[in-house]
Amino acid sequence: MFLKKTQSLTIKDVMSRPIFKRAHIAAGLQGGHRQVRWVHVLEITNITPYLSRGDLILSTGLWLKIEQERKQYLMQLIQSEAAGLCVEFGTSIESIPQDVLELADEHQFPIIVFDRPVRFVEITQDIHSYIINRQHQLLKDLETYSRKVQQLTLQSTDISSILRLLSEYASQPVVYVSSLEHNRFYPSVSPERAAAIADVYAREVEHRPLGGQESNILAELSEDHYVLFQPVVIFGQVFSAVGIVTSEQPAEALSLLLDYTAKAVATLLLRTEFLEEKMLRNQNSILQDLLNNRIHSEEQAQTSMGLRLLVKGQYLFLGGVLEIEHRAKNIEQERKEANHQDMMVLLRSLLKKNNVPHLVMMKMNQIHVLCAKESLTKDTAVNLMMTLRSITEDISEFAVQLEGVIIHAGFGKVRQKMTESQVSFAEAYQVIEVSRSVDSMKDVLFYDKLGVYQLLKATPYTFLQSFVDDHLGVLVRYDEKHDLHLLDTLKAYMDYFGSKLETAKALYIHRQTLYNRLDKLEELLGEDWLAPHRRTSIEMALLAHDMLQHSQ
């Protein structure tokens, strides 16, 4: 019943109306499938500005008398994708020229002829009333569907009941393809068909940028079948999609059905994730025990995470921290906690989507996450790090939508034992500290990529201060007194490997000014300041100075 109402009015349907009993299709008979969206009268020759796709045009045919313009008139209708043309005989003309009929046949454009005059107002009233009444009934049915869907979402978290309702209304096969759970098909399909639909989803929907839009996607399944997908979007991410398999161009009403359904599914998924969040509160205690080194048995640790025991091979573990910074002022604590919870749900959903076993824990404004992956190839560790980088970027993009929220993230080294997780978390803190204090390291996420900063962060603070003072103190004090920017000059000179030209350009100073500063550097640091052992010490001191300055 609903499917019939969703089908658009066509030329074929129009010809079955009582008022068209006295009419026949003179040309373009194969265009009977064309959709009729509206009806109006046009007698002028320049009609393009007044045409819309799907218009059925009524005319007395006066323009057919002008041989130079009649084909041009018809081409305007064809190019504007009008539905068809109705012409009455007896008022202006008695026949349609053969060249016009041939052009209409060529483009499968229907020309409907009334053999004697007809009242155009009766045609417009009849067709318009039919279109409006059917649209009104369609909206009522959609409202009923929406209420039923809302009722189902309140009764349970079962997505299947909603999909069955959609299948009943659409009267066409319904699919649900998900990155979080198993796919569903109503009615059931063959494994080959299921795989083909899943491939289309992965290719056309799952990784398509939304760009702020959640519109449906029509994807080709085979030569004569399509799937109209509506992405299920949560926190700006596509986690699944609801689809209808169709053999023809879907009507707008089916898109509305899918939109209602996808929003309901998103609500259920969110509710399920929040319920799981409550059920998994014991993850806090597990992670807390790992942080405090209270779990010493590797088998006990892996079992507590829900990992199956491996007969062959091993797991790799990677611990990390996502620190949430609120920069906006006067944000209520409730709003902050809601943001934290949303990001926890998003993180868990993305990890689940990427098949990464995990434990997560919220501690103040920090999310601790421990990931596991069965080591199947030599690239397992690299692939896990790439996955975590992508997930972190997605969460950062979501944070941008919130008011003044910034994400700082860091991950420790990949380890083969879960009981060594506390070391990974300590390394993750160091990554965040370095990325926040050193501009050149702000995009670094992994401890392995810190380079020499691993050594600097492991050095006691007081010793590092003393080291910097021993090698750069004289320059710092001279700059404070004379404001000669010797420290900046030294850093640029080292960064550009002793190139005076590039150093002068980077500092926006004349080359002679640079020469004067280099002479002063030699005077203060000594003639051997570029000797290998001195140069290495000075470069280390510059890195340490930069890090200490930003961390104060």
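The values are calculated or read from the model by the stated rules, or taken from the named source; none is laboratory data. Everything numeric here is computed off the predicted structure, so don't read it as measured data. Backbone-built Cβ (ideal geometry, glycine too); neighbour counts: all protein chains shown. Surface areas here come from the heavy atoms of the whole protein model, side chains and all, with no ligands, DNA or RNA. Shrake-Rupley method; radii C 1.70, N 1.55, O 1.52, S 1.80 Å.
When Met343 is tested against (1) surrounded by 19 or more Cβ atoms within 10 Å (Cβ to Cβ); (2) at positive phi, only condition (2) is not met.
Name every residue in the range 118-149 that is surrounded by fewer than 15 Cβ atoms within 10 Å (Cβ to Cβ), polar (S, T, N, Q) and either in contact (Cβ under 8 Å) with a residue 60 or more places away in the chain or part of a loop (DSSP other than H, G, I, E, B) (or both), in order of residue number. Matches in the range 118-149: Gln137 only. Checked against the criterion of being under 27 Å from Leu445 (Cα atoms), out of contact with any Lys or Arg (no Cβ under 7 Å at 6 or more places or on another chain) and either of a type outside the set (Val, Ile, Thr) or open to solvent by 70 Å² or more (accessible area, probe 1.4 Å) (or both), the candidates Leu310, Leu318 yield just one match: Leu318. For beta carbons closer than 9 Å, sequence separation of 6+ or different chains, a first residue in the range 526-552 that is among the acidic types (Asp, Glu) and open to solvent by 70 Å² or more (accessible area, probe 1.4 Å) and a second that is at pLDDT below 80 and in a helix (DSSP H, G or I), there are no qualifying pairs. Among the residues of the range 22-33, none qualifies, meaning not one is basic (Lys, Arg) and open to solvent by less than 40 Å² (accessible area, probe 1.4 Å).
For the range 34-61, which residues satisfy the criterion of being surrounded by 13 or more Cβ atoms within 10 Å (Cβ to Cβ) and not hydrophobic (A, V, I, L, M, F, W, C)? Result: Arg34, Gln35, Arg37, His40, Glu43, Thr45, Tyr50, Gly54, Asp55, Ser59, Thr60, Gly61. Checking every residue in the range 69-77 against the condition of being touching a Pro at 6+ places or on another chain (Cβ under 7 Å) and either charged (D, E, K, R) or open to solvent by 70 Å² or more (accessible area, probe 1.4 Å) (or both) gives at least one match.
Of the residues making up the range 169-192, those that are farther than 19 Å from Ile217 by Cβ, outside any loop (DSSP other than H, G, I, E, B) and modelled with pLDDT of 85 or more are Tyr186, Pro191, Glu192. Of the residues in the range 366-385, not one is part of a helix (DSSP H, G or I), open to solvent by 30 Å² or more (accessible area, probe 1.4 Å), among the basic types (Lys, Arg) and at pLDDT 85 or above. Scanning the range 456-487 for residues that are surrounded by 14 or more Cβ atoms within 10 Å (Cβ to Cβ) and of a type in the set (D, E, K, R) yields Lys457, Asp469, Asp479. The condition of being open to solvent by less than 80 Å² (accessible area, probe 1.4 Å), in contact (Cβ under 8 Å) with a residue 12 or more places away in the chain and in contact with a His (Cβ under 8 Å, 6 or more places away or on another chain) does not hold for Ala492.
Scanning the range 98-117 for residues that are open to solvent by less than 30 Å² (accessible area, probe 1.4 Å), under 18 Å from Glu69 (Cβ atoms) and assigned to a loop (DSSP other than H, G, I, E, B) yields one hit, Phe109. Might you let me know whether the range 84-96 holds any residue that is buried (at least 19 other Cβ atoms within 10 Å of the Cβ), in contact with a helix residue (DSSP H, G or I) (Cβ under 6 Å, 6 or more places away or on another chain) and assigned to a helix (DSSP H, G or I)? Checked against the condition, which is being buried (at least 19 other Cβ atoms within 10 Å of the Cβ), in contact with a helix residue (DSSP H, G or I) (Cβ under 6 Å, 6 or more places away or on another chain) and assigned to a helix (DSSP H, G or I), the range 84-96 yields no hits at all. Among the residues making up the range 19-32, those that are in contact with a helix residue (DSSP H, G or I) (Cβ under 7 Å, 6 or more places away or on another chain) and part of a loop (DSSP other than H, G, I, E, B) are Gly28, Gly32. Considering Leu51, Leu29, the condition of being modelled with pLDDT of 85 or more, under 46 Å from the mean Cα position of the chain (by Cα) and at negative phi is satisfied by Leu29 alone. (1) within 27 Å of Asn355 (Cα to Cα); (2) surrounded by fewer than 20 Cβ atoms within 10 Å (Cβ to Cβ): which one isn't true of Val175, the others all being true? For Val175, the failing item is (2).
Take Gln230 and tell me if it is open to solvent by 60 Å² or more (accessible area, probe 1.4 Å) and not aliphatic (A, V, I, L, M). Spelling it out, it is not the case that Gln230 is open to solvent by 60 Å² or more (accessible area, probe 1.4 Å) and not aliphatic (A, V, I, L, M). Within the range 201-220, the only residue that satisfies the criterion of being assigned to a loop (DSSP other than H, G, I, E, B), of a type outside the set (D, E, K, R) and at pLDDT 80 or above is Val205. In the range 394-426, the residue that is most open to solvent (accessible area, probe 1.4 Å) out of those that are out of contact with any helix residue (DSSP H, G or I) (no Cβ under 7 Å at 6 or more places or on another chain) and closer than 22 Å to Gln288 by Cα is Gln416. Given the criteria modelled with pLDDT of 85 or more and under 46 Å from the mean Cα position of the chain (by Cα), does Asp448 qualify? When the stated conditions are applied, Asp448 passes them. The criterion of being closer than 30 Å to Leu318 by Cα and under 46 Å from the mean Cα position of the chain (by Cα) does not hold for Thr489.
The set of residues in the range 121-142 that are modelled with pLDDT of 80 or more and either closer than 25 Å to Val245 by Cβ or of a type in the set (Ser, Thr, Tyr) (or both) comprises Thr124, Ser129, Tyr130.
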